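Below is one structure; the comments refer to it alone.
The values are calculated or read from the model by the stated rules, or taken from the named source; none is laboratory data. For clarity, every value in this text was computed on a predicted model and none was experimentally measured. So basically every Cβ, Gly included, is an ideal-geometry build from the backbone, and we count neighbours across all protein chains shown. These area figures cover heavy atoms from the full protein model, side chains too; ligands, DNA and RNA do not enter into them. Shrake-Rupley method; radii C 1.70, N 1.55, O 1.52, S 1.80 Å.
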Amino acid sequence: MSAFEYYGKNNITEKKVNLKSISKKKLKKMKFKMSKKEKVVEKPKKTSCVLNSFYSLNLKDSSKTGQKLMEWLIHPISIDNFMKNHWEKTILHVPRNSSNYFSQLFSLTELDTILRENNLQYGTNVDITSYTDNVRETHNPVGRAHPHVVWDYFNNACSVRLLNPQLFAPEIYKFMANLQEYFGSLVGCNVYLTPPFSQGFAPHYDDIEAFVVQVDGEKHWRVYKPRSKFETLPRTSSRNFHQDEIGEPILDVILRPGDFLYMPRGYIHQADTLFTETHSLHLTFSSYQQNSMYDFLQVVVNNSLNNAVKNDVSYRSGLPIGYQHLGGLCESEKPLPRTVQRQKFENQINQLIKNLKNHIDIDHAIDTFSLKNYYTNSLPPSLCNAEILRTVANGTKMLPNGKTTEQEINLEITEVKFIRKNCFRLVEESTLDEETDQMISELRLYYNLDNSKQLHSNECQFVVIPDEMGLYVKKLFNIYPLFIKVSDLCNGSEQVMQLVNDLWERGLLITSKDITTKSN
């Protein structure tokens, strides 16, 4: 049913919002009534077998699950084709004659339920927006987004944006948590509900790779090339543009339920329902925010300088006395040639920069960057029921003697592996020993299982791994996605068995069989 049919069917008749008190521009009042004789045709029930079959692949290899989801998004385009011809290069529009293709992910009914059953806050969880006469406005009051108020904004030509749907919509959360296993980069999502004959946002470009999925209704999209090389693959989003600044669109299309649109960062876009005569409900998944070579090289160079200053005294030598007069805006305007002191200073700087390559540690840079940009911010894994039965989450505790509190399982035949491929990072970090006041190195196994579903709000948990145990943790890393017998891993060592027990109790390991059933 349409959004207006849903609104009418649920008899939402609370007091209307006075938009005059919120916006300087009076929005056009729109009234929609559903005839008593009109039949509401419900959509066919959502089919979940496709996505659930992908999620079950986590039992084998979580990266395969993420890959399958990516293939499903862009079908029938292959991933190889997509990466070669579209990724970070140009848009991809996939029309489908399949209105229920994305129906499992979200629905209008679910949005209304979320508004009714949760304390959503304006600005934090919900935005109310409009774009009229080239003016983009946000109409957020203070406090809770009560459902009847949100719906009244909607009926007054305002768009509704749900900012963090993974907190409230289980299917969106599962999709995001598994898709990030493919990208190895944070995956975000926004939900957009737009009423008929309206537009919610001004033309702009984003700093993310955008994957638009049309769930319900129709939306008219116009997409434009980046205006310059400077705005190609930008690191930050743009301001709102006027129509006369963006030229002619390279894509002018109506997205219908089941359709898909990919836009690289930097591609200007705007979407409306001005001519479709229906509402629109779509999701935009995002990834690769500040995940560029520039961002990585910042870490590489910083780490290299830290290594260089420890190991090469030339990086600790002082600047020349009077260096302030060897350069600067005023000095640069003096006629050439440069002074001998200036040339000597330039040569010294160039040599130090050249020598930095001798201090590059790519492995440490990857650890540092991925820990900060991915593991700390990523969503915790979404476990299916079959996985829960094979982890500590089912309430069974593994004991050092090879038994469990629920079932007597012979540890010698138990097989384990890490629960996901991209949930963990083993890093070597320097810390201050408070007793000796000396810097010491320790191994830390960081994991995102205890992360919040609220993006950018995590402090990644870790467990300190004794140096002599690092070998066994590395083995678990390198053997994934295969299982390994605990007996083969421990080889009779009580200390290794205790390590396995610690990892198990933190939920980091999964067994090859359902541990609630006694093994033969």
**Asked** Applying the selection to the range 184-197, what residues are in contact with a Ser or Thr (Cβ under 6 Å, 6 or more places away or on another chain) and in a loop (DSSP other than H, G, I, E, B)?
**Response** 185, 186, 187, 196
**Complete:** Contact list, first residue from the range 169-181 and touching a residue at least 12 places away in the same chain (Cβ under 8 Å), second anywhere and of a type in the set (D, E, K, R), beta-carbon distance below 8 Å, six or more apart or interchain, is 169/110; 173/453; 181/420; 181/421
**Prompt:** So which of 371, 356 is touching a residue at least 24 places away in the same chain (Cβ under 8 Å), more than 30 Å from residue 173 (Cβ to Cβ) and assigned to a helix (DSSP H, G or I)?
**Reply:** 356
**Prompt:** Among the residues of the range 465-473, is any over 30 Å from the mean Cα position of the chain (by Cα), over 27 Å from residue 59 (Cα atoms) and open to solvent by 60 Å² or more (accessible area, probe 1.4 Å)?
**Reply:** yes
**Asked** Looking only at residues in the range 45-64 that are open to solvent by 60 Å² or more (accessible area, probe 1.4 Å) and not in a helix (DSSP H, G or I), which one is modelled with the highest pLDDT?
**Response** 60
**Request:** Among the numbered conditions (1) open to solvent by less than 50 Å² (accessible area, probe 1.4 Å); (2) farther than 27 Å from residue 293 by Cβ, tell me where residue 223 comes up short.
**Result:** (2)
**Asked** Only one residue in 274, 305 is in contact with a Ser or Thr (Cβ under 8 Å, 6 or more places away or on another chain) and open to solvent by 50 Å² or more (accessible area, probe 1.4 Å), so which one is that?
**Response** 274
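For a quick check of your reading: which strands (runs of 3 or more DSSP E) sit entirely within the range 400-463 and have at least 1 residues that are more than 36 Å from the chain's Cα centre (by Cα) and modelled with pLDDT under 90?
438-447
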**Request:** Please identify the pairs in which a residue from the range 318-333 that is within 14 Å of residue 348 (Cβ to Cβ) has its Cβ atom under 9 Å from the Cβ atom of a residue that is acidic (Asp, Glu) and surrounded by 10 or more Cβ atoms within 10 Å (Cβ to Cβ), counting only partners at least 6 apart or on another chain.
**Result:** 326/346; 327/346
